[in-house]
Structures are given as C-alpha cells and as structure tokens.
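Okay, structure first, notes after.
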Amino acid sequence: MPAKPVQIKTLFQSGVARLRQAGIPDPELEVSLLLAESLGLHRTELLLQSGKNIEEGRHRRFERQLSRRLTREPLAHILGSKEFWSREFIVSGDVLIPRPETEFLLEKALAVIKPLHPNAEKPLNILDLGTGSGVIAVVLALELPAARITAVDSSYPALQVARHNATKHEVADRIDFVLSNWFEGLAARPGFDAVLANPPYVAREVLALEPGIDAGALQPEVLHFEPVRALDGGAGGIREIRRIAAGLARVLRPQGWFFMEIGADQEEEVRRIFGGAESYDSLVVFADYVGRPRVLQARRL
C-alpha cells in the first residue's frame with residue numbers, strides 16, 4: 001500500500017521538532033536546507049511549495065538525511081558543501097568545515113595585501129599553509145587576479161578537495177598544490193610576499209586525546225566527524241604555531257606579511273613567540289566580531 005501523502009510544511013514542522021528535541025541549534029534553518037536539497041529546490045522556494053505533497057522517493061531521502069543529522073553528523077557533510085565568502089565550497093570528512101573565523105582572517109589579510117601590487121606586472125606570490133578545503137587559496141585567487149598561490153597540506157585527500165574547489169571556481173590555473181608538512185616540501189628561499197596560515201590550534205586536552213580528560217567543550221559534530229589532524233594543536237594548542245614560527249623566515253621575504261588564525265586564548269603566547277623573535281614588526285592581534293582574539297598579523301623585517 002502506498003504511503004500516505006505528506007505535505008512539505010508538515011514534514012518541515014516535524015523535522016524542526018525532532019532536531020530541537022535533539023538539542024541541535026537553528027533547527028528551522030537546518031531543516032529548510034535539508035528539505036530544499038531533498039526536493040531539488042532553492043531554500044527560498046520552500047514557502048511557495050509548502051502546501052504540496054512530497055514525493056515518496058524525496059520523502060525517503062529527506063528522512064535519511066535527517067537521521068544522519070540526528071546522529072550529529074555535520075550538516076555540511078550531509079549536503080556536501082558549505083557557503084563561504086558568499087560561494088559554495090565542496091567539503092568532506094577529510095577537511096575542516098570552513099568557518100566565519102577564517103573569513104575574518106581573509107578580510108584582515110586582503111586589507112593589507114590588495115594594495116601591494118595592483119596589476120600583473122609584478123605578480124604577488126602567496127603561500128597558504130594548511131589549505132584544507134582550499135577556501136583561503138581560492139578566495140585569494142578570486143580577489144587577487146595578479147597573484148600566484150601555493151597551497152600546502154600534509155593530507156593528500158584534503159588536497160584533492162582543494163583542487164576540486166579551485167576547479168569549481170575556475171582558479172586552478174593560478175594555484176599550485178603541494179603535499180608537504182608545513183615547509184618541508186618547499187624550497188628554502190624567501191620568495192613569498194605573504195603567508196597565511198590556519199593551523200591546528202585546539203589543545204590536545206580539549207580534544208580529550210589525553211586519558212581522563214573530558215571533551216565536553218567541543219560539539220559532537222567537531223569531535224566525532226572532523227579530522228583530528230586538522231584540530232590537534234598539541235598541549236595548549238600551540239605546537240603547530242611554534243613550528244610555523246620556526247620555519248617562516250625560510251620562505252617569507254623581508255617586508256613580507258604573515259597572517260594566522262589563532263585560538264581565543266592564545267594571544268599572549270603568540271605575541272611572545274613572534275614578538276620575541278626580533279624579526280617582525282607591525283605585530284597586531286585582531287579581535288573578531290564577538291571580541292575574541294582571532295588573527296595575528298606580523299611583517300618580517
């Protein structure tokens with residue numbers, strides 16, 4: 001016997017109630033995105049279609065996706081993409097899901113970098129350390145048509161995702177993808193005008209990678225579904241930041257700029273690391289839009 005027809009609005013209301021009961025934030029937004037994807041509609045079209053019955057096959061698809069979300073699998077993994085910089089980027093379990101904090105990193109970096117070389121006579125050379133999904137490299141290529149980007153990651157699957165995103169946004173011809181643990185695969189030559197980094201900066205103790213530690217500070221979506229290698233910053237979350245600081249002068253030219261996303265509790269430590277090197281000036285830590293320290297800026301002397 002065929003299943004009883006269900007209206008889209010009824011399914012929406014039911015889905016919202018189930019996500020809310022599971023403690024998932026913004027259930028209305030999430031259900032609308034899942035329904036839109038299941039129906040092959042834009043989210044703004046749902047209201048116009050809300051009185052219509054949903055086809056059985058699309059109903060089953062929605063239920064499968066909603067069930068995945070109820071296990072706390074990230075919405076971006078279920079949809080296969082995430083909006084960033086007003087564009088859609090492919091994501092998978094091999095990369096971190098792009099976050100607003102990284103948009104803030106790009107805003108601060110572009111404000112400085114854009115005026116440096118406004119034309120192609122002397123192209124900018126920019127290094128993206130730990131490219132992950134490639135959002136930083138792709139946005140830089142889109143915003144700086146006269147730039148050449150080198151995108152580095154130690155994960156081959158992550159680089160594959162980054163390449164897909166570069167191809168999707170038609171900038172793959174200006175991005176070089178390098179499989180490398182930070183600087184190891186790069187020539188020891190200070191040839192980059194700017195370096196951007198979004199390193200792993202979550203403390204091991206917060207990730208509960210140490211026995212007896214509770215990881216209650218992290219959402220299940222992050223703890224169980226995102227790649228640990230892209231999160232684990234060692235004790236205090238500072239291990240990879242120290243490694244980058246130790247090798248940065250090998251590749252960043254004199255008067256070149258460095259921008260790095262940091263944890264909200266790391267300002268004092270990163271100021272100590274870069275301020276004590278006596279190799280940098282213009283040292284600033286920018287607070288994000290909720291007032292948390294988020295982006296380190298430094299210029300090599």
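The values are calculated or read from the model by the stated rules, or taken from the named source; none is laboratory data. Keep in mind the model is a prediction, meaning the values are calculated, not measured. Cβ coordinates were reconstructed from backbone atoms using ideal geometry, including for glycine residues, and neighbour counts include every protein chain displayed. Heads up: the accessible areas ignore ligands, DNA and RNA and are worked out on the full protein's heavy atoms, side chains in. Shrake-Rupley method; radii C 1.70, N 1.55, O 1.52, S 1.80 Å.
Among the protein heavy atoms of the stretch 124-179, carbon and sulfur supply 48% of the accessible surface, probe 1.4 Å, non-protein parts ignored. Relative contact order of the chain, taken over Cα pairs closer than 8 Å and 6 or more residues apart, is 13 percent.
Helical content of the chain, expressed as a calculated mean residue ellipticity at 222 nm, amounts to -11000 deg cm²/dmol (DSSP H runs of 4 or more residues, -39,500 (n - 2.57) each, divided by residue number, nearest 500). With a Cα cut-off of under 30 Å and a minimum spacing of 8 residues unless on different chains, the lysine pairs in the chain number 12.
Among [x] 23; [y] 30; [z] 11, which one is percent of Cα pairs over 37 Å apart computed from these coordinates? Recomputing percent of Cα pairs over 37 Å apart here gives the entry labelled [x].
Just checking the listed ones, Leu116, Leu196, Leu34: in the Gaussian network model of the chain with Cα springs under 10 Å, the one fluctuating most is Leu116. I'd like to know which of Val228, Ser155, Ala17 lies farthest towards the positive end of the charge dipole of the chain, counting +1 on Cβ of Lys and Arg and -1 on Cβ of Asp and Glu. Sorting the options by dipole projection puts first Ala17. Put simply, the amide H of Thr131, placed in the peptide plane, has neighbours under 5 Å in Val152, Asp153, leaving out anything fewer than 5 places away on its chain.
Accessible area per residue for the chain, computed on protein heavy atoms with a 1.4 Å probe, is 49 Å². Looking at the stretch 30-126, the GluC sites (Glu not before Pro) that sit in a DSSP loop and have at most 10 other Cβ atoms within 10 Å of their own Cβ are Glu121. Largest GNM mean-square fluctuation among Thr131, Thr167, Thr150, using the chain with Cα springs under 10 Å: Thr167.
Taking the Cα centre as origin and putting +1 on Lys and Arg beta-carbons and -1 on Asp and Glu beta-carbons, what dipole magnitude results for the stretch 79-191, to the nearest 20 debye? Taking the Cα centre of the stretch 79-191 as origin, the dipole is about 180 debye. Scanning residues 5 or more positions from Val195 or on other chains, those with amide H under 5 Å from its amide H are Leu127, Trp257, Phe258, Phe259, with H placed 1.01 Å from N in the peptide plane.
Over all orientations, the stretch 1-40 has a Cα convex hull whose mean projected area works out to 3.3 square nanometres.
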